[in-house]
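Trainee: Submitted below is the structure of interest, expressed as structure tokens.
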């Protein structure tokens, strides 16, 4: 005789995440900003690099946010980077990987190190990628942008 238990699975934490990257020159000094919201908390992250590109900072923002999560989460992510949203929702990333990191036009994909890290993090979390027009008045997106720009101005570079 086996004992049955009625164990209710613990719900997976839900996170809203707004990310942005910025560069002063492209390439040039760059920063990223992240605003994460749960039912009970708001967390902000930022960082800066001496010499980088806007696309690297957009990717780094998402990586920093996902890396900060302490448990598997369901993440609704908002970014103003159409490149990232398209890569993650239209299968571009999988195609690049299958084609030895070459695009359809046979050029080498940039920032492979960050794409690989993002792909790994997306295996740990359930992430839905959503495009949000930058500078359109969304308070969390505007805050992420401010965090990225403040990080550049701080001069506290991570590299």
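Trainee: Report P(r) for segment 14-154: all Cα-Cα distances, bin width 10 Å, range 0 to the bin holding the largest distance, values in whole percent.
Mentor: Values per bin, smallest distances first: 13, 43, 35, 9, 0.
Trainee: Roughly how far apart, in whole Å, are the Cα centres of segment 102-119 and segment 47-81?
Mentor: 16
Trainee: Moving on to the next point. Enter the angle in degrees (range 0 to 90, nearest 10) between the Cα long axis of helix 139-154 and the first principal axis of the Cα atoms of the chain, meaning the one along which they spread out most.
Mentor: Once rounded, the angle reads 50 degrees.
Trainee: Please rank 123, 90, fewest neighbouring Cβ atoms within 10 Å first, as an exposure proxy.
Mentor: Fewest-to-most Cβ neighbours within 10 Å comes out as 123, 90.
Trainee: If I stretch the segment between residue 44 and residue 67 completely, what's the gain in nm (0.36 nm per residue apart, minus their alpha carbon distance), one decimal?
Mentor: Fully extending the segment from residue 44 to residue 67 adds 7.0 nm.
Trainee: Sum -39500 (n - 2.57) across every DSSP H segment of at least 4 residues in the chain, then divide by the residue count to get the 222 nm mean residue ellipticity, nearest 500.
Mentor: So the calculated ellipticity at 222 nm is -11000 deg cm²/dmol.
Trainee: If I model a spin label at residue 14 and residue 51 as a point 7 Å from the Cα along the Cα→Cβ vector, what separation in nanometres do I get?
Mentor: 4.6
Trainee: Okay, next question. How would 63, 112 line up from fewest to most surrounding beta-carbon atoms within 10 angstrom?
Mentor: Least crowded to most crowded, the residues run 112, 63.
Readers should treat all values here as calculations from the given coordinates under stated rules, not as data from a laboratory. Since the model is a prediction, treat every value here as computed from it, not as a measurement. No Cβ is skipped: glycine too gets one built from the backbone with ideal geometry, and neighbour counts run over all protein chains shown.
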